[in-house]
Amino acid sequence: MSATRVAKMRQMLEHYAQTLPTNQTFSSAQAGNREVLITGTTGALGCYILAALLTDSSITRVYGLNRRLNSSPLTTCERQRRAFEERGLDPSLLDSDKLQILDGDLTQADLGLPEATFTHLKSSVTTVMHIAWSVNFKMPLKSFDPMMIGLVNLISFSNSSAFRPTIIFASSAIALQSAPAGLATIFEEHVPPSFALGSGYTEGKWVAERLLSRAADVCGLRSIIARVGQVSGGLNGTWNMGEWFPCLVMSAQGMDAFPTIDKARIQSTVSPVFFIPPTLCAKAFVDFSRCEIVGNKIVHLIHSQEIMWNSIIAATVSEEFKVPLVPFEEWIKALRARYNKVTSNGTKRADDRIVRDIPALRLVSGLELVMGSSARNPNVDASGVPFLDLTNAIRYSDSLRNPDASEIIGPDDVRLWIRYWNSLKNPSKKQEPPRRALL
């Protein structure tokens, strides 16, 4: 099965590599302005990057390219404003004269833009930030064909533009989820396809990374691949309740316990995670846009400061929900028992009310696999992610190298996230969560 999936990844890579531009055009033009084309600005990470770009005085123009949503009654500008408001970002930033929101389609060679707009972008853009990507872990690799077409079109756009803009691509650290257990550190370099096995999403990210590398070889494209780690809650605590960590935390009360990760039996008591606030992640993207690079570079975009699972996260959750801490093995065994009990009628689906109280029931198999590997493997963090080298990331980003005090995650942040999630569970009692400072 693994060999078949790897073969499909390589086949997809070769297919789209054949569509890359091959003419190596070199521009001697010097850009007087810094103009950024960014995709996916209505998404969670894209919102914060857009805000960071708009508040950076060295950037003179920002083009936010998003796909049209015929199913939505809102215009793209209205969706952008709502996305800012939901995440505690200042919507007045969107009134900036340097912002232009565009409706487009990355699967079209002209990005779905009017001819005059497309021509103007080719004559002015100095950096492309590609954030838009379908996040669906259940879809097969083949379903990501539109994503590959879009990436190739952006590569062609860069190759034919006046300033040969660098492409900064948001990849994912989760695409390293199947790295060999004995690997102590993963460096900022390309990896075998086997590292990304597990879902069409992760496998697609591997293909995209390799496409950018091929483009550097065949047409001289400059690109930075940012393997983004776990992005934490935002300024107002906003963090998608469907993700594994919110599900874990919000199951504490229903389970009457929260897990610790104890590696003492494998000669390691260190159980960190490297969650990164979206504000810091966004500032790093802006830092990367200032880099003068040649060819294809890879950076690991995680926090440079570790957050200890047991002493910061688990201790705060225990205090907030008044529940005891128990070893992960004991906690996951109890969760599996709950799951087996509520699905004993053969439906294989837990009752909605029970899942509302214990949302981790939806993810029991994944938690067994990912966090179970953390308890057994000294070479991964508390969430099961391999330890990642940060040499390039901190070289290219002063923000990562010297994070502000407000961007080092502590107990107050955990409380902020919990307050936000509680507001979703109890909308009648919803209160406006306090905001972190936007720096």
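The values are calculated or read from the model by the stated rules, or taken from the named source; none is laboratory data. It should be emphasised that the depicted structure is a prediction, and the values quoted were computed from it without experimental measurement. Quick reminder, even Gly has a Cβ in these numbers, built from the backbone with ideal geometry, and neighbours come from all protein chains shown.
Could you list all residues from the range 165-179 that are over 18 Å from Leu151 (Cβ atoms) and either part of a loop (DSSP other than H, G, I, E, B) or free of Cβ contacts under 8 Å to residues at least 40 places away in the same chain (or both)? Residues satisfying the conditions are Gln177, Ser178, Ala179. For the structure I just gave you, tell me whether Arg10 is under 18 Å from Asp95 (Cβ atoms), under 24 Å from the mean Cα position of the chain (by Cα) and surrounded by fewer than 21 Cβ atoms within 10 Å (Cβ to Cβ). No; evaluated as a whole, the condition is false for this residue. Annotation note: Cβ proximity below 9 Å between a residue of the range 183-208 that is more than 23 Å from Gly150 (Cβ to Cβ) and a residue that is among the β-branched types (Val, Ile, Thr) and surrounded by 19 or more Cβ atoms within 10 Å (Cβ to Cβ) (sequence gap 6+ or interchain) occurs for Phe187/Ile298; Glu188/Ile225; Glu188/Ile298; Glu188/Val299; Glu189/Ile298; Phe195/Ile186; Phe195/Thr202. Within the range 108-124, residues that are within 15 Å of Arg67 (Cβ to Cβ) sit with their Cβ atoms under 6 Å from residues that are at pLDDT 95 or above, at 6+ positions apart or across chains, in these pairs: Asp110/Phe118; Leu111/Gly104; Gly112/Gly104; Gly112/Asp105; Leu113/Gly104. When you look at Gly254, is it within 20 Å of Arg419 (Cβ to Cβ), surrounded by fewer than 24 Cβ atoms within 10 Å (Cβ to Cβ) and either in contact (Cβ under 8 Å) with a residue 24 or more places away in the chain or of a type in the set (Ser, Thr, Tyr) (or both), yes or no? So Gly254 fits the description; yes. Could you please find all residues in the range 180-229 being assigned to a loop (DSSP other than H, G, I, E, B) and closer than 21 Å to Phe163 by Cβ? Within the range 180-229, Gly220, Leu221, Arg222 meet the criteria. Listed by first and then second residue, the pairs linking a residue in the range 295-309 that is within 14 Å of Thr166 (Cβ to Cβ) and at pLDDT 95 or above to a residue that is small (Gly, Ala, Ser) and assigned to a strand (DSSP E or B), with Cβ atoms under 6 Å apart and 6 or more places separating them unless they lie on different chains, are Asn296/Ser223; Val299/Ala226.
Yes/no per residue for (1) surrounded by 14 or more Cβ atoms within 10 Å (Cβ to Cβ); (2) outside any loop (DSSP other than H, G, I, E, B); (3) outside the structural domain of Asn66 (by TED's automatic domain parsing); (4) in contact with a Lys or Arg (Cβ under 8 Å, 6 or more places away or on another chain):
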| site | (1), (2), (3), (4) |
| --- | --- |
| Leu93 | yes, yes, no, no |
| Gln100 | yes, yes, no, yes |
| Leu106 | yes, no, no, yes |
| Val128 | yes, yes, no, no |
| Phe144 | yes, yes, no, no |
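In the range 362-382 there is no residue matching the filter, namely being in contact with a Leu (Cβ under 8 Å, 6 or more places away or on another chain) and at pLDDT 95 or above.
Note on the range 1-20: among residues that are modelled with pLDDT under 95 and of a type outside the set (Ser, Thr, Tyr), the one that is nearest to Ser160 (Cα to Cα) is Ala3. Residues considered: Leu197, Leu151, Leu183. Of these, the only one that is under 22 Å from the mean Cα position of the chain (by Cα) and surrounded by fewer than 21 Cβ atoms within 10 Å (Cβ to Cβ) is Leu197. Among the residues of the range 163-194, those that are modelled with pLDDT under 95 and either acidic (Asp, Glu) or touching a Ser or Thr at 6+ places or on another chain (Cβ under 9 Å) (or both) comprise Ile174, Ala175, Leu176, Gln177, Ser178, Ala179, Pro180, Ala181. Do we have Ser223 as of a type outside the set (Val, Ile, Thr), at pLDDT 95 or above and buried (at least 21 other Cβ atoms within 10 Å of the Cβ) here? For Ser223, the condition - of a type outside the set (Val, Ile, Thr), at pLDDT 95 or above and buried (at least 21 other Cβ atoms within 10 Å of the Cβ) - is met.
Taken over the range 272-304, the residue count meeting the criterion of being within 21 Å of Glu243 (Cβ to Cβ) and polar (S, T, N, Q) is 1. Just one residue in the set Gln24, Gln80 is under 29 Å from Ser156 (Cα atoms) and either surrounded by fewer than 16 Cβ atoms within 10 Å (Cβ to Cβ) or out of contact with any helix residue (DSSP H, G or I) (no Cβ under 8 Å at 6 or more places or on another chain) (or both); that residue is Gln24.
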